[in-house]
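Trainee: Shown below is the structure under consideration.
Quick note: the coordinates plus some simple rules give every number you see, no bench work behind them. As the structure is a prediction and not an experimental result, all values here were calculated from the model. All Cβ positions, glycine included, derive from the backbone under ideal geometry; neighbour counts span all protein chains shown.
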Amino acid sequence: MATTAKINVTDGNLLASMQKLFQSILGVEDISAILVPQHLPMKNMVMPALVTDPEKLEGADPLAPAFPMNSAKIASRLTRKSMGGKVAAVLRPCEIRAFIELVKLKQGRMENVVIVGIDCLGTYNNKDYFQFVGDNVAESTTRFYQNVLSGKGGAIDSVDISSTCKACEHSVPDAADIAVGLFGVDTSDHLLVQAQTPVGEDLLKRLKLSVAQEPAARQKTVNGMIAEKTAYRDKMFNETAEATNSLEKLTTYLANCVNCYNCRVACPVCYCKECVFVTDVFNHEPFQYLRWASRKGVLKMPTDTVFYHLTRMAHMSTACIGCGQCSNACPNDIAVMELFRTVSHHTQQAFEYQPGRSIEDDPPLSVFREDELTDIVGIGN
């Protein structure tokens, strides 16, 4: 059973209580820095920041409904090689799962990182976040988490959390070393802190927090939330499958794509150092375009957009963790997340694989299993 402790909350200020926790973690002898979402002094946005000075953590804000990038990419960059110290990384559940996938793909290492996860309340897409936040980031964060934790949801002032978050059934950080619990907890009084790994047990022991019991209401609350989000997810899958179940429909679905490749850049598990689509392979000769146009009478430009997305889906659908950064980065508002999650769900079911669940799970296609997909390959018993 996981060791459970609590952090007292003063005056209902969850953010200040979390900042004190981060300061305590940064004060642990072998923790050199903490990676945490932080207010930008020059703009009303929250971005990942690497903090070494505990006093600078007053701007830390992991509860802000802002998700400009998946920080697994940063955690990968910090841990790929030795950085000369250990870092504590405060990550959302989807960021943790993406980082675990990157570690399995040899793009990061677990040795010098302590993962701190927090129950995810959801986020807005970038445009909606700027509309919601106005001129006061801290005040808007408080308003958001109070609304969500009181059961009113994330819809405030004509903006709502992204479809990504509505369809995410992994709002609890099950794979963290240390998990901070909000759901089903009396957050006006305290927060739960649970150690989920030996690394987390060691850190929790050194933080010397008050021992607590997980309230019975927590699991019931989490189960209810998962059921609601799974229902939304399955409805999304059905609608997306119907909208893309032929080449003609898929071409229409992706018609606004301009080959900016933002979705590839934003994706945390798209890790190739050189993508084939930015090489000369798809740098066609001018006469080829004219030939294709002459053959058909009309040629949509740019070309290769559907092929690009099909290639990406084949490449990363086993590792997709559904963070939605692909849609968040799309300049033309294509529902990329819905398509990728729908395809990835079927791929992952076929391989009986859940990305980011455990560092011990081998990625599909990285190992040979004689009894895998026997109905397809025709191998008898």
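Trainee: From Cα pairs below 8 angstrom and at least 6 apart in sequence, can you work out the relative contact order of the chain, rounded to a whole percent? Show your work: numbers first, answer last.
Mentor: Numbers: 605 pairs, mean separation 70.2, N = 381.
Rounded, it is 18 percent for the chain.
Trainee: Taking K and R as +1 and D and E as -1, what net charge do the other residues with C-beta under 13 Å from the C-beta of Ala255 add up to?
Mentor: Values: positive: Lys249, Lys300; negative: Glu248, Asp333.
Result for the local shell: 0.
Trainee: Based on the inverse mean of 1/r over its pairs of different Cα atoms, what is the Kirkwood hydrodynamic radius of the chain, in Å? Walk me through the numbers on the way to the answer.
Mentor: On the way: mean 1/r = 0.0448 Å⁻¹.
Value: 22.3 Å, from the Cα pair sum.
Trainee: Work from the charge dipole of the chain (Cβ charges, +1 for Lys and Arg, -1 for Asp and Glu, about the Cα centre) and give the residue of Thr305, Leu78, Ser366 farthest towards its positive end.
Mentor: Selected residue: Thr305.
Trainee: Sticking with this structure for a sec: Loop-only GluC sites (Glu not before Pro) in segment 238-290, please: DSSP not H, G, I, E or B, and at most 16 other Cβ atoms within 10 Å. Before the final figure, lay out the partial values.
Mentor: Numbers: sites: Glu239, Glu242, Glu248, Glu274; in loops: Glu274.
Taking segment 238-290 and a limit of 16 other Cβ atoms within 10 Å, the loop GluC sites (Glu not before Pro) found are Glu274.
Trainee: Please give the Cα centre distance for segment 36-85 versus segment 241-315, rounded to the nearest Å.
Mentor: Each part's Cα centre sits 33 Å from the other's.
Trainee: Here is a further query. Report, please, the projected area of segment 246-377 averaged over directions, based on the convex hull of its C-alpha atoms, in nm². Walk me through the numbers before you get to the answer.
Mentor: Working: hull surface 40.6 nm².
Here the figure is 10.2 nm², rounded to one decimal.
Trainee: Turning to a different aspect of this structure: With each label point set 7 Å from Cα along the Cα-Cβ vector, what nm distance links Asp30 and Arg295?
Mentor: Output for this residue pair reads 6.1 nm.
Trainee: Starting from a Cα-only point model with no solvent, please compute log10 I(q)/I(0) by Debye for segment 70-122 at q = 0.13, 0.18, 0.29 1/Å.
Mentor: So the normalised log intensities are -0.26, -0.49, -1.17.
Trainee: What is the diffusion coefficient of segment 4-213 in µm²/s, taking the Kirkwood radius over Cα pairs and the Stokes-Einstein relation at 25 °C with a viscosity of 0.890 mPa s?
Mentor: Details: Rh = 17.2 Å.
Translational diffusion coefficient: 142 µm²/s.
Trainee: Tally Lys and Arg at +1 and Asp and Glu at -1 over the other residues with C-beta under 12 Å from the C-beta of Thr230: what net charge comes out? Could the numbers behind the result be given before it?
Mentor: Values: positive: Lys166, Lys229, Arg233, Lys235; negative: Glu169, Glu228, Asp234.
Cβ neighbours under 12 Å give a net charge of +1.
Trainee: For segment 246-377, with only Lys/Arg (+1) and Asp/Glu (-1) charged at the beta-carbon, what is the dipole magnitude about the Cα centre, in debye rounded to 20?
Mentor: On the way: 11 positive and 15 negative charges, 158 e Å.
Its charge dipole is roughly 760 debye.
Trainee: Taking the simple approach of a point 7 Å from Cα along Cα-to-Cβ for both Asp11 and Val258, what is their distance in nm?
Mentor: It is 4.7 nm.
Trainee: Does anyone have the angle between helix 93-104 and the longest principal axis of the chain? Alpha-carbon axes, 0 to 90°, nearest 10?
Mentor: Roughly 70 degrees, rounded to the nearest 10.
Trainee: Which of the cysteines found in the chain have nothing to pair with, since no other Cys Cβ lies under 4.7 Å from theirs?
Mentor: When partners are defined as cysteine Cβ atoms under 4.7 Å apart, the chain leaves Cys120, Cys165, Cys168, Cys257, Cys260, Cys272, Cys275, Cys320, Cys330 without one.
Trainee: Translational diffusion coefficient of segment 186-278 at 4 °C, 1.567 mPa s, Stokes-Einstein with Kirkwood Rh over Cα pairs, in µm²/s as a whole number. Mind showing how you got there, number by number?
Mentor: Working: Rh = 18.8 Å.
After rounding, the answer is 69 µm²/s.
Trainee: May I pose another question? What is the angle, in °, between the Cα long axis of helix 14-26 and the longest principal axis of the Cα atoms in the chain? Nearest 10 is fine, range 0 to 90.
Mentor: It is inclined by approximately 90 degrees.
Trainee: Here's another thing I want to ask about it. Determine, from the Cβ-Cβ distance of Met42 and Ser82 and an R0 of 51 Å, the FRET efficiency 1/(1 + (r/R0)^6), rounded to the nearest 0.05.
Mentor: On the way: r = 32 Å, r/R0 = 0.62.
The value I calculate is 0.95.
Trainee: Still on this structure, please answer the following. To check you understand DSSP bridge types, tell me what percent of the beta bridges within the chain (both residues inside) are antiparallel, rounded to 5.
Mentor: Working: 19 of 31 bridges.
That works out to approximately 60 percent antiparallel.
Trainee: Taking a quarter of the surface of the Cα convex hull of segment 1-98, what do you get in nm²? Walk me through the numbers before you get to the answer.
Mentor: Values: hull surface 31.2 nm².
Directional mean of the projected Cα hull area for segment 1-98 stands at 7.8 nm².
Trainee: Can you compute the helix-only [θ] at 222 nm over the chain? Use -39500 (n - 2.57) per DSSP H run of at least 4 residues, normalise by all residues, nearest 500 deg cm²/dmol. Don't skip to the answer; put the middle values down first.
Mentor: On the way: 15 runs with 155 residues, N = 381.
Rounded to the nearest 500, the figure is -12000 deg cm²/dmol.
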